[in-house]
Amino acid sequence: MLERRTLGVVAPKPHTVFTAPGRKNPCTEYVFTRDGFSSGFSILYLYDAPTSIELNEVFKIESHGGNLKRLVGEIMDESSQPLARRHVQSWNAPAGENLLAGRTALFMNNNCRVSVVRGKAGQCGPGVKDAWSFTNGDSDELYFFYAGSGTLLTQFGALPFKKNDYLLVPRGIPYILQMDGEIEALVVEGDPFVEIPGDFRNPHGQLRMEAPYTHRDFRSPARLLTEAEAELFRHGVTLRNKSLTHHRYSKSPANVVGWDGSMYPMVFSILDYLPKTGKIHLPPNLHTTFRGKEFVVCSFVPRMVDYLEGAIPCPYPHANVHCDEIIYYVDGKFTSRKGISNRSLSYHPAGLSHGPQPGNYFGSVGTKTADELAVMVDTWGPIHMTKAALGYEDAAYATSWEE
Ligand SMILES: [Fe+2]
């Protein structure tokens, strides 16, 4: 994802016998790759092979407490619904005892799924047993934490996160979220990827100097797991093609003495995002933070606004005819929007123009700052609302543009 990083000890040369200091037996090398073997990769050194699955402990999880449909999402019947601007009140989604029980898909298409997670304190595994790890075998996962804090545990080590952090977990990495208390988060799954946009990098792979963040803003695991933490990974659940499968390992796949490479989980605080301001209004793509296949994730953060005399800082009414737009409102006063609150999601499908509600547009002239914190997902191509999201809809939103 970013520059090569290293933690712990690694062999001088890959694919050679390597015995870590203090160990009697040679380590097992585990090569974690993307896009075949031609894209980013990392190499981990494990006590034991990560392949020790016990075949008699492999089984499908049919319902996961009735939540499997809520987790993977069911698209609402669009033939019976008018095309409309919509407002989903995410706080009405049920909280759960763990990562998966508290996760509800709200919007989805072939490349992208947008969910909300509302979890209670504790180990955030899939919940059939407390300490199971979860692996998304379909998509990279980008969390945005609205509230709460905790630690992500993976084979790459321990990575703390807190409110206002993005947490990017590449697909295929088993993980456990240890929550300090209640958490609430947005999750954007990207198939086949979520990553830093390529045009933010120079030919040497560095983030360009005008990129909206620097290498120093991204945190990766700073310590390896303890043996007790690694033991939690003996049970795992993997999501693949809308189904969950349980695996048990005879030896933990997470006892790691070191790793290096460019693929690892990382954290970036939205408060470290460096917004750009123009003499007149700059379009939303100037707020791009991550990109997936045919979608982008943008960050709206507090900033100075347009400074030409007579400039209108509020976004103009617009028709971005190739994109559906979802905005998750986090904090502050969103310049262009009324009738929403923190944790609202607005959905503005292509085919309908949208823009500020009456009063906001000219009312913004002369303002110096925008005090807003929000995350936007723009998809090239339709994204569909789920049946669950329809149940949390504020129907009055669609008519809130009436004078
Ligand atoms: Fe828009």
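Restricting the stretch 1-89 to trypsin sites (Lys or Arg not before Pro) that sit in a DSSP loop and have at most 10 other Cβ atoms within 10 Å of their own Cβ leaves LYS24.
Computed from the Cα positions only, the extents of the stretch 354-403 along the three principal axes stand at 42, 26, 20 Å, in decreasing order.
May I ask for the net charge around VAL72, where only other residues with Cβ less than 11 Å from the Cβ of VAL72 are counted and Lys, Arg are +1 while Asp, Glu are -1?
+3
Using alpha carbons only, the radius of gyration of the stretch 117-241 set against its Kirkwood radius gives Rg/Rh = 0.99. Any chance you could check the Cα centroid distance between the stretch 55-106 and the stretch 241-282 for me, in angstrom? Cα centroid of the stretch 55-106 versus Cα centroid of the stretch 241-282: 22 Å apart. Between PHE362, PHE295, PHE233, the Gaussian network model of the chain with springs among Cα atoms under 10 angstrom shows the greatest mean-square fluctuation at PHE362. Charge tally for ALA388 (other residues, Cβ to Cβ under 11 Å; Lys, Arg +1; Asp, Glu -1): +2. Applying 1/(1 + (r/R0)^6) with r as the Cβ-Cβ distance of THR33 and LEU83 and R0 = 41 angstrom yields a FRET efficiency of 0.45. Just need log10 I(q)/I(0) for the stretch 257-307 at q = 0.18, 0.19 Å⁻¹, Debye formula, equal scatterers on the alpha-carbon atoms, no solvent, rounded to two decimals. At q = 0.18, 0.19 Å⁻¹ the computed log10 ratios are -0.71, -0.76. Normalising the Debye intensity of the stretch 151-212 to I(0), with uniform scatterers on Cα atoms only, and taking log10 at q = 0.15, 0.18 Å⁻¹ returns -0.65, -0.86.
With both residues required to sit in the chain, DSSP beta bridges show an antiparallel share near 95%. Note on the stretch 359-400 and the stretch 137-173: Cα centroid distance 25 Å, given to the nearest whole angstrom.
Dividing the convex hull volume of the alpha carbon atoms of the chain by its residue count, what do you get in Å³ per residue?
With only Cα atoms used, the chain gives 140 Å³ per residue.
Taking the square roots of 5 times each eigenvalue of the Cα gyration tensor of the stretch 271-396, largest first, gives ellipsoid semi-axes of 24, 17, 15 Å. The length gained by stretching the chain between SER250 and LYS24 to full extension, at 0.36 nm per residue less their Cα-Cα distance, is 79.4 nm.
All of the numbers you see were taken from the coordinates with simple rules; none came from a lab. Given the structure is predicted, the values throughout are model-derived calculations rather than measurements. Positions of Cβ are backbone-derived with ideal geometry, glycine not excepted, and every protein chain shown enters the neighbour counts.
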